[in-house]
Every structure is written in C-alpha cells, then in structure tokens.
Amino acid sequence: MTSLPLRAPRIFISDRPLPWLIPLIAILVVFALYPFFYNIYLSLHEFVPRKRELIFVGIENWERLFEDSRMWGALWITLLYTGICLAIQLVLGMVIALLIDSDDPGFGILRGLLTLTLVIPPAITGMMFLLMEDAQFGVITYFLQSMGFLTGGSILANNTSALVGVMLADIWQWTPFMVLIFVAGLRALPTDPFESAMIDGASSWQIFRRLTLPMMSKVIAIAVLIRGIDLFRTFDYVYVMTSGGPGTSTYTLSLYAWQQTFSFIKWGYGATISLFALFVILIAANIFVSLTKTRW
C-alpha cells in the first residue's frame, strides 16, 4: 500500500501574504510591543526592594518626572549633544562625500576603508578616546595643550569641555556613516543636469547649491532622521568616558534612565524616563518628516 506524499497546508501555497508575515509579526510582538506595554505597566508601579514586589503608584512617577530638575537638565544636554553632533556630521559627511565621489583608482578602496569605524563597538571607541584624552599621556590632550586651547588637565575633567570630548568620539565613528549614505545618493543622481550646467558655465558652488542640494534633499533628510534618533539615545560613549561627569555636565537622558533603573533600583521611574524619551523622539521625528515631506 503506497502512502500519499505529504503536502503543505493550502494557506502556505497560496498567494495570501499572512503566512509570510507571521514571523515578522512574532518578532514585533516579542521585541517591540511586549516591552513597550510592559514599560507602560512599570511606569505606573514602583519596585520596593525590602518587599521585593512592584507597588502600584498611578501617575506618581509622571508627576515626579515633570518636577525633576535633573531630568530637564539631562534632556537639555541630550538635545545639545544631538544638535551639535548632527550638524558637524552632516557637514563633514557631505564635504567628504563630494571629495571621494570619483571613479579614479583608489577611491573605491578609500570608500571601503570608511566602513571600518562602523564595525567598532561604541564602548571600545569610547575607551580609545578616553585614553587619547587622558591628562598625562593622551595624544589629543597633548596637541590641544601645545596649541594653547587647553591650559591644564584633561578635556573630560573640565565642565565646559567634557561634552566636547565625548562628541569627538561620536563624530569620529559616525561621520563615515553619513559619508556612505551621501556617496550612494550622489551616485544615484542623473548626470544630464550637471553636464548642461557645466556647458552653461555654472561654477562648482552654483552647481552644488542649485542642483546637488535640491536633488539630494530626500537623502539628506533620511540621513538626518536616522542619525538624529540614534544620537538622542546615546549612552555608550558617556557611560565609558565620563559616567555623566564632571558633575552633571555630560548627563544624558539615557544615562539618567539607566542610573534610576539599575543604580537606584527605581524601575518604575526609569521606565517613565525612557517612555518620555520615546515620546520626545516620536514627536520630533514626525514634525521633521512633515516639514521635509519625507515618507515615514
């Protein structure tokens, strides 16, 4: 007696999209929706170590959030960090992309070398710059002192320059990311408008301002959106290099949420800070998308 061959259920051999979306839906539920709703649950509770249980506190954590001056200080530092780093990475990324957008020999290898910084873990990058900015043997500190920009001590030991020292690590590691995005955008631009402009005698600056920038606007907007979100939640560099110091001069929102959650065992308040950061990112990102008319 011959056995019938096994056949997949009809739903899996049809053109219906649901079977192929099930793995994606499962990943979203496990790694996105469940943590999000559990965070909301935590924000309405607070962990009591002596009782080893969560106690319902209602909106008490949210009331504390808006009255917390340190949280507002951390938000301001985060916005300052995000704005300055984003502006510098945007300008440097565009300039370098224009310089290496060439098919001459060697430029392909140069573009490949730019990806090396992206594979280094941010914590390792932070440790590298921590050593380079050391007061005794740091090479960056030595050059700044030689040029008269730093009178004494380390960059990270000064309230006014500590945030700049952390920014250097971020700018060094993530500017190549902007470069690669812009190079890809430049390579996708049509050549006819540029050839016509050169025949008409337009200068390089006129070509860049009137052709390159307008045609690259969507690419620039996407790059700014991706890096802006990533910069707003920065944690690794600050934790490794300064731990928020000296004082609270490099205290970012992510570091403050981590400290409340794991150092002070305030799980509910830490969840509240992280939710607040999420809401700020969502509002800012949607405003940016609507202004730039970028597809979200």
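The values are calculated or read from the model by the stated rules, or taken from the named source; none is laboratory data. Only a predicted model underlies this, so the values are computations on that prediction, with no experimental measurement involved. FYI the Cβ positions are ideal-geometry reconstructions off the backbone, even for glycines, and counts take in every protein chain you see. Side chains are part of the model used for accessible areas, which takes the heavy atoms of the whole protein and leaves out ligands, DNA and RNA. Shrake-Rupley method; radii C 1.70, N 1.55, O 1.52, S 1.80 Å.
Quick notes on this structure:
- Overall, segment 60-292 carries a charge dipole of about 200 debye about its Cα centre when +1 sits on the Cβ of Lys and Arg and -1 on the Cβ of Asp and Glu, all other atoms neutral.
- Comparing TYR237, TYR38, TYR81 in a Gaussian network model of the chain, where Cα atoms under 10 Å apart are tied by springs, the biggest mean-square fluctuation is seen for TYR38.
- MET94 exposes around 20 Å² of accessible area when a 1.4 Å probe is run over every protein chain in place.
- Apportionment of accessible area to carbon and sulfur, the chain, percent (1.4 Å): 69
- Positive-end ranking of ILE229, SER204, TRP62 along the dipole of the chain, with charges on Cβ about the Cα centre, is headed by TRP62.
- For segment 14-83 and segment 158-184, distance of Cα centres in Å: 28
- Ordering of 250-263, 128-141 by burial proxy (mean other Cβ atoms within 10 Å per residue, highest first): 250-263, 128-141
- Candidate values (1) -0.69, -1.59; (2) -0.76, -1.20; (3) -0.88, -1.31 were compared with log10 I(q)/I(0) by the Debye sum over Cα atoms at q = 0.11, 0.16 Å⁻¹ computed on the shown model; the agreeing label is (3).
- For the chain, with +1 on Lys and Arg beta carbons and -1 on Asp and Glu, the positive-most of VAL240, ILE283, LEU99 along the dipole: ILE283
- Per-residue SASA entry for ILE120, accessible area with 1.4 Å probe, Å² rounded to 10: 40
- Comparing THR242, THR117, THR151 in a Gaussian network model of the chain where C-alpha atoms under 10 Å apart are linked, the largest mean-square fluctuation is found at THR151.
- Partners of LYS293 within straight-line reach, counting lysines whose Cα lies under 29 Å from its Cα and excluding those fewer than 8 residues away in the same chain: LYS218.
- Accessible area expressed per residue, the chain, with surrounding protein chains retained (probe 1.4 Å, Å²): 61
- Of PRO35, PRO19, PRO105, the residue with the greatest mean-square motion in the GNM of the chain, using alpha carbon springs below 10 Å, is PRO19.
- Probe 1.4 Å, all protein chains present, accessible-area order of PHE149, PHE235, largest first: PHE149, PHE235
- Sum of -39500 (n - 2.57) over DSSP H runs of 4+, divided by residues of the chain (222 nm, nearest 500): -19000 deg cm²/dmol
- 10 Å-binned pair-distance histogram of segment 177-276 (Cα, whole percent): 13, 28, 19, 16, 14, 8, 1
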